[in-house]
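One structure below.
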Amino acid sequence: MRVDAGIIGGSGFYEFFELENKEEKAIETPFGTVNVILGTLKEKKIAFVSRHGKGHKLPPHRVNYRANAFVFFKLGARYVIATNAVGSLRKDIPPGSLVIPDQVIDFTKSRVYTFFDGDFEIVFPDGRKKCGVVHTDVTEPYCNNLRKKILKAAEQIGIKVHDGGTYVCTEGPRFETPAEIRFFAMIGGDLVGMTGVPEVFLFKELEICYATICIVTNYAAGLQDRVSHEEVLKLFDRVRPKVIELIKKTIELL
Ligand code: HPA
C-alpha cells in the first residue's frame, strides 16, 4: 500500500472528514503501531495520522514521534504536511493567524530524537542505506519545496499566511512562564509549541519533504492574561475550515 502524501493533525485536528474512500488501519512499524486513516483527495492517495490520538489521549512528551514518522516512510509518502497549535511571541501575529515556519529552536528535554541510536538501518527507495552514527544536516529543517507549495496554495485561495518564522519547542505539558517567553523572544523565537520536535528532525532523517502549518491559538504567556488548553481547542475549531482548504489546495499542487 502506497500513498502520495501524508497529513499529521495536531491539537484539535483528530479526524479528516473531507477524505474520500476512507479506511482506518492500524499499521505496524518497528517503533509501534499507528492508527492511520487512508483515503483520497483530488485523486491523490492520502494517509492521515492524529498526533495525539483520538480524543487527545497523548500529551506532547508521550507522542510516539518515531512510529508516526516511520509509518509515512513505510507508506512511501514523499510529502507530509503537519499542523501545530502554537502560541505567538509577536504582537503582530495575533491568534487566528497561520504561519509556515522555516526555523526551529529545541527546548525539549526527554524525547527520542533519532532513528539512528543503535543498529537500526534505513533503506531508502533508491537502495541507499543509512545506519550507525548519522549526523543529519538541518540547515533547512522544513522542506522549502513544500513550504512554497503551501504559500502558493494560500495565495490561490486568498488565505493570509505568514511566510517563515522560528518555532520554539518546549517540553510541556505545562505552558511557559512569562520569563521563559521573554527569553525565547530575545533569542529569536516567533512561535512556541510543544510538538514540533523531534517530528521535524525525524522526517529529515527519513528524507521526507515535511512542512507544517502553525495555527496561532493564543498569545504566549505574559503577552495575554492566561493561557488554557480549552482556548487552544476553541480557536482551532474556528480556523479549521481555513486550514482544511489550505491543505486540500496544497495537495492539489503537489
Ligand atoms: N505554548 C505552548 N504550546 C502551545 C501554546 C503555547 O502558548 N499554544 C498552543 N500550543
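The values are calculated or read from the model by the stated rules, or taken from the named source; none is laboratory data. Since the structure is predicted, the reported quantities are computational estimates derived from the model, not experimental observations. Here Cβ is always computed from backbone atoms with ideal geometry, including for glycine, and neighbour counts include all displayed protein chains. The accessibility values were calculated without ligands, DNA or RNA, using every heavy atom of the protein model including side chains. Shrake-Rupley method; radii C 1.70, N 1.55, O 1.52, S 1.80 Å.
Placing pseudo-labels 7 Å out from each Cα toward the beta carbon at Phe120 and Phe183 gives an inter-label distance of 3.0 nm.
Using a probe radius of 1.4 angstrom, the carbon and sulfur fraction of the accessible surface of the range 5-253 is 51%.
Between Ala211, Ala85, Ala185, the Gaussian network model of the chain with springs among Cα atoms under 10 angstrom shows the greatest mean-square fluctuation at Ala185. DSSP beta bridges confined to the chain are antiparallel in about 40 percent of cases.
The residue among Thr250, Phe73, Val197 whose Cα reaches farthest toward the positive pole of the charge dipole of the range 5-253, with charges on the beta-carbon of Lys, Arg, Asp and Glu, is Thr250. Placing +1 on the Cβ of every Lys and Arg and -1 on the Cβ of every Asp and Glu, with nothing else charged, gives the range 5-253 a dipole about its Cα centre of roughly 340 debye. Tyr219 exposes around 40 Å² of accessible area when a 1.4 Å probe is run over every protein chain in place.
Remark: accessible surface ordering of Asp4, Asp117, Asp225, Asp190 (largest first) is Asp225, Asp117, Asp4, Asp190, probe radius 1.4 Å. Ordering Ile105, Ile157, Val86 by the projection of their Cα atoms onto the charge dipole of the range 5-253, which places +1 on the Cβ of Lys and Arg and -1 on the Cβ of Asp and Glu, puts Ile157 at the extreme positive end.
If you place +1 on the Cβ of every Lys and Arg and -1 on the Cβ of every Asp and Glu, how big does the dipole about the Cα centre of the range 30-76 come out, in debye to the nearest 20?
About 60 debye.
Charges were assigned to the Cβ only: +1 to each Lys and Arg, -1 to each Asp and Glu. The resulting dipole of the range 1-133 about its Cα centre is roughly 200 debye.
Listed as lacking a disulfide-compatible partner in the chain: Cys131, Cys169, Cys214, by the criterion of no other cysteine Cβ under 4.7 Å.
Listed here are the pairs Lys42/Lys242; Lys54/Lys129; Lys25/Lys109; Lys129/Lys152; Lys22/Lys109; which of them are more than 27 Å apart at the Cα? Over 27 Å apart, Cα to Cα: Lys54/Lys129; Lys25/Lys109; Lys129/Lys152; Lys22/Lys109.
Output the relative contact order of the chain, whole-number percent, from Cα pairs under 8 angstrom with separation of 6+ residues. Answer for the chain is 27 percent. Between Val49, Val239, Val168, the residue with the greatest mean-square fluctuation in the GNM of the chain (Cα pairs under 10 Å linked by springs) is Val239.
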